[in-house]
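The values are calculated or read from the model by the stated rules, or taken from the named source; none is laboratory data. All of these numbers come straight from a predicted model, not from anything done at the bench. Quick reminder, even Gly has a Cβ in these numbers, built from the backbone with ideal geometry, and neighbours come from all protein chains shown.
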Amino acid sequence: MLLASILTTVSSVYPAFLAGALGPELRDAIEIGERFFGFVVGGFFLGSALGSVSLGHLGERVGARRMIVLSNITTATCTGVIAGFVRSGPTLVAVLFLAGVANSAAQTSANKLLGQGVDPSRLGFAMAIKQAGMPSASLLGGLAVPGIALTVGWQWAYASASGLALTSLLVVLRFAPTPAQLAARGTKLGGKLASTRQTLILAAVAAGFASAAAGTLGNWTTSSAADAGWSSGAAGLLLSLGAVTGITTRLVLGWLADRSERIPMRTASVSLGVGAFGALLLAPRLQWTHVVAVMLAFGAGWGWPALYNFSVVRKNPDAASAATGITQTGVYVGVFTGPIVMGFIVDQWGYAPGWSLIASSMAVGTVIMFRLAPRFTVED
């Protein structure tokens, strides 16, 4: 079950982060500028934002397995179409938008899958593994630059993404419990929210400010590094370094959450604040600062979602899909607007003011998340 959730998370978000990693290649191949490229990446998360709430509620009614199967098929189709047919900016935006809708169904249903099948005492680490899917997708995107795009072409990188989605589909069909199996365990479809909608909406707002960096870091690190003097191959490896740091941080924080009495969302806010400092260090256009900045921004700045989603799922175990459907909307709005704003600022004034604004957005999210944390405590 955990493997199914991990592969679903990675494969569904991979199309967006692959586009970011392939930024220089895509801009040359289909002749799009910095400003429009923000819409390429942002379009994916716009689709996710628009589908999150409704598909989260639908997942409660029809079950996580069915929603994940549908999302994997859609993702495989979209990435296959990009590899074989997409050769213009507007078409790429449209296909990635549809892939983003599929991602919203996949993420909320994967949360539901974990909430149904994982021991509560191990849920923190399980959620951390699942949430490591985003930096894992970024890691794969970074490796795809020197390993695939610069050798056989960017189209083959998207063909591999289609293969990943199909692999995820096979694993889900093999291991995810069917509705009949869940019924035999006494698990019912469609639970009730324990958190108020106001609390979940405020959590979504905090995540929105925080996540402006998530999409921007994953999709602009290679371009930013290239602008600072790094080669395309080295910039891709730098992105992979950041992704590995983010994965490690999420796993460590998740493991600690199962063994700590501290409020996990409060710890998430502290992690986000450290990440904001890392993002600010990307503003100077110096090669060496990118190494330190990427490790801090990805490590701490991407560490918070593991504890954030753990808090939401733990508080709403019977309606994890619906609850995270609301909170994930804020995440998607952030990762949608972040790259678009970043693209506009970079096109007009350069990377320094762009990274400064992203760091400020993360700082705002830090404050809101810290104040909201007590509402996600769970009474024994």
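Some notes on this structure:
- Scanning segment 85-127 for residues that are modelled with pLDDT under 85, farther than 18 Å from Phe17 by Cβ and of a type in the set (Val, Ile, Thr) turns up just one, Val118.
- Candidates are the residues of segment 8-35 that are assigned to a helix (DSSP H, G or I) and β-branched (Val, Ile, Thr); the one that is modelled with the lowest pLDDT is Ile30.
- Subset tally (residues that are closer than 21 Å to Ser321 by Cβ and touching a Ser or Thr at 6+ places or on another chain (Cβ under 8 Å)) for segment 64-102: 12
- Boolean, Gly80 is crowded, with 24+ Cβ neighbours inside 10 Å, at negative phi and assigned to a helix (DSSP H, G or I): no
- The sole residue among Thr196, Thr216, Thr249 that is at pLDDT 80 or above and either in contact with an Asp or Glu (Cβ under 7 Å, 6 or more places away or on another chain) or over 30 Å from Ala352 (Cα atoms) (or both) is Thr196.
- Matching option when the condition is within 22 Å of Pro284 (Cα to Cα) and of a type in the set (A, V, I, L, M), among Ala257, Ala234: Ala234
- Residue that is part of a helix (DSSP H, G or I), buried (at least 20 other Cβ atoms within 10 Å of the Cβ), modelled with pLDDT of 90 or more and not acidic (Asp, Glu), where the choices are Gly38, Gly51, Gly43: Gly51
- Scanning segment 330-344 for residues that are closer than 17 Å to Met67 by Cβ and surrounded by fewer than 24 Cβ atoms within 10 Å (Cβ to Cβ) yields a total of 0.
- Exactly one residue among Trp349, Trp304, Trp355 is aromatic (Phe, Trp, Tyr), surrounded by fewer than 22 Cβ atoms within 10 Å (Cβ to Cβ) and within 25 Å of Gly236 (Cα to Cα), and that residue is Trp349.
- Among the conditions (1) farther than 23 Å from Ile6 by Cα; (2) of a type in the set (D, E, K, R); (3) touching a residue at least 40 places away in the same chain (Cβ under 8 Å), the only one that Arg65 does not satisfy is (1).
- Considering segment 103-119, and only residues there that are in contact (Cβ under 8 Å) with a residue 12 or more places away in the chain and over 20 Å from the mean Cα position of the chain (by Cα), the residue that is nearest to Thr327 (Cα to Cα) turns out to be Gln116.
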